[in-house]
Amino acid sequence: MTGAVCPGSFDPVTNGHLDVISRAAAQFDEVIVTVMINKSKRGLFSVDERIRMLEDSTSDLPNVRVSSWHGLLVDYAKQEGITAIVKGLRGANDFDYELQMAQMNQKLSGVDTLFIPTNPTYSYLSSSLVKEVAQFGGEVADMLPAKVHAQLLERIAERAAEKS
Ligand code: PNS
């Protein structure tokens, strides 16, 4: 059985992430989408919220499951008996950053990283940019699953109310 882990912050999941996840799911028997916990970064959504969004958004993919992990990604891959990490590549900037991590992960553990070139429809998309645009009232509805979009607008309104 072939398995891969698709790691990320997913704060929140975008249509670009889902494109990569569904294409990975077509190549592997099992794909684990893992929310990597970074305690030094306050996300817009909690890890549990991100997991629920991912579960909802991937419910049509029977060979995908969602988890979270705090620590080295390769330790998680080893624990799960998985030998491949799958990442999406939007362009040259991603490549520079991702290549270094892929080589480090390979050196640490022997776990290899496989890159999926992002569908050009989504090559400009990132969770950070979507949040920034939405915070200033820009339209991001077609960049996220509908439910995630609604949750994003709700959270932005909550945060704005906290500040006022
Ligand atoms: O969605 P992101 O924020 O671009 O994802 C980056 C992430 C979380 C996948 C990466 O930072 C990571 O794997 N972090 C886990 C800790 C780790 O293993 N660090 C060593 C990487 S060589």
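The values are calculated or read from the model by the stated rules, or taken from the named source; none is laboratory data. Nothing here was measured: the structure is a model prediction, and the numbers come from that model. Cβ sites come from the backbone with ideal geometry, for glycine too, and all protein chains shown count toward neighbours. Quick note on the areas: whole protein, heavy atoms, side chains included, nothing else; ligands and nucleic acids left out. Shrake-Rupley method; radii C 1.70, N 1.55, O 1.52, S 1.80 Å.
Accessible surface of E158 in the full protein assembly, 1.4 angstrom probe, to the nearest 10 Å²?
80 Å²
Under a 5 Å amide H to amide H cut-off, with H placed in plane at 1.01 Å, what residues pair with I116 once short-range neighbours are removed?
K87, G88, L89
Tell me which trypsin sites (Lys or Arg not before Pro) from the stretch 1-81 have a DSSP coil assignment and no more than 13 other beta carbons within 10 Å of their own.
In loop regions of the stretch 1-81 (DSSP not H, G, I, E or B), the sparsely surrounded trypsin sites (Lys or Arg not before Pro) are K39, K41, R42.
Which value in deg cm²/dmol, rounded to the nearest 500, describes the helix-derived mean residue ellipticity at 222 nm for the chain, given -39,500 (n - 2.57) per DSSP H run of n ≥ 4 and division by the residue count?
-14500 deg cm²/dmol
Would you mind getting the accessible area per residue of the chain, heavy atoms of the protein chains only, 1.4 Å probe, in Å²?
56 Å²
Once neighbouring chains are kept in place and the probe is 1.4 Å, which whole percent of the accessible area of the stretch 3-163 is contributed by carbon and sulfur?
Here carbon and sulfur together make up 52 percent of the probe-accessible area.
Taking the Cα centre of the stretch 3-163 as origin and charging only Cβ (+1 Lys, Arg; -1 Asp, Glu), how large is the dipole, in debye to the nearest 20?
400 debye
Report, please, the projected area of the stretch 3-163 averaged over directions, based on the convex hull of its C-alpha atoms, in nm².
The Cα convex hull of the stretch 3-163, projected and averaged over all directions, gives 9.4 nm².
Report the net charge of residues surrounding P62, where surrounding means a beta-carbon distance below 15 angstrom and charges are Lys +1, Arg +1, Asp -1, Glu -1.
Net charge in that neighbourhood comes out at -4.
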